[in-house]
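Read the structure below first, then the notes.
Quick note: the coordinates plus some simple rules give every number you see, no bench work behind them. The structure displayed is predicted, hence computed values, not measured ones. Note that we place each Cβ from the backbone using ideal geometry, even for glycine, and neighbour counts take in every protein chain shown.
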Amino acid sequence: MEQYYPVAVVTLLCALMIFGMALMVARTHSRTGILAPAMTGHPSLERAIRAHSNTLEWLPIFLPSMWLFAIYWSPAWAAAFGLLWMVGRIAYFAGYVTEPMKRYPGFFIQAVATFALLLGALGRILWLWLA
């Protein structure tokens, strides 16, 4: 079980990251004077909400891929790719709320990390299953 501690820590750090993004959205609501449940009306609010939502949309792809990669390949590499995913998502969020075109480097980083985990896990599982 101890071998999965790094992956568990990355999972919990992801939860904290998502919470931090939610706080940024709440602060943007307050700063713009557009209180929840309204989600439109100011470009900075709409960008913050969209950046947070996009991160939530990637979470169900990323988390199972990371855990399955950890189980079938390597917990250390899974955690490393997980941290890379977080770096990408944070860069994505920061870029998006600043200027939408600045989100692409972060998107690329997190997409590479996600697909390394996803395709790595899928490939290994199929290899073992069909062998």
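Numbers for the structure displayed
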item: Over the stretch 2-126 - Rg/Rh using Cα atoms and the Kirkwood inverse-distance radius; result: 1.05
item: On Cα atoms only, tilt of 75-98 relative to the major axis of the chain in degrees; result: 20 degrees
item: Sites ALA38 and GLU99, calculated FRET efficiency, Cβ-Cβ separation with R0 25 Å, nearest 0.05; result: 0.60
item: Alpha-carbon spread of the stretch 38-111, three principal axes, descending order, Å; result: 46, 23, 12
item: Chymotrypsin sites (Phe, Trp or Tyr not before Pro) lying in DSSP loop within the stretch 31-91, provided at most 14 other Cβ fall within 10 Å; result: none
item: Acute angle (nearest 10 degrees) that the helix 5-32 long axis makes with the longest principal axis of the chain, alpha-carbon atoms; result: 10 degrees
